[in-house]
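Reading through the structure tokens given below for one structure.
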Amino acid sequence: MENITLRKSTPIDSEFVYIVKEAAFREYVEQVHGWNEDERQRFHAQRFETQDFRIIHQGSTDVGVMAVVTAKDCVKVNLLFLLPEYQGRGIDETCMRRIMGEARQLGPARSAPRSEG
């Protein structure tokens with residue numbers, strides 16, 4: 001999928017990130033805890049300031065968001081959410097391949113899969 005790009009978020013992207021997370025995740029949060037808008041907004045503000053968010057574009061349209069952490073021995077994807085109308089199109093796979101490519105550029109220890117157990 002050639003027309004997918006990722007860019008680092010800026011402060012003006014915070015609202016878009018929240019909208020995408022809510023669209024993709026609200027149903028599940030409601031089932032577990034219920035949705036408290038004030039609490040979700042506070043949680044989002046904390047995370048947005050401390051995590052490396054990437055905005056996912058298809059062509060010239062913002063379609064989703066990823067949060068990535070680059071640690072000493074790995075690259076970790078904390079979240080990958082797409083707006084519902086863009087799900088099921090392979091965009092998520094393209095994004096993961098891009099992040100795995102970034103990990104490979106950092107060196108073999110960071111891109112190797114880790115087993116749990």
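The values are calculated or read from the model by the stated rules, or taken from the named source; none is laboratory data. Everything quoted here is computed from the prediction, not taken from an experiment. Reconstructed Cβ throughout: ideal geometry from the backbone, glycine too, with neighbour counts over all protein chains shown.
Odds and ends about this structure:
- Count - residues of region 38-73 that are closer than 13 Å to Ser14 by Cβ, touching a residue at least 24 places away in the same chain (Cβ under 8 Å) and among the small types (Gly, Ala, Ser): 1
- Note on region 20-117: enclosed strands (runs of 3 or more DSSP E) holding 1 or more residues that are modelled with pLDDT under 90, in contact with a helix residue (DSSP H, G or I) (Cβ under 8 Å, 6 or more places away or on another chain) and surrounded by fewer than 16 Cβ atoms within 10 Å (Cβ to Cβ) are 61-70.
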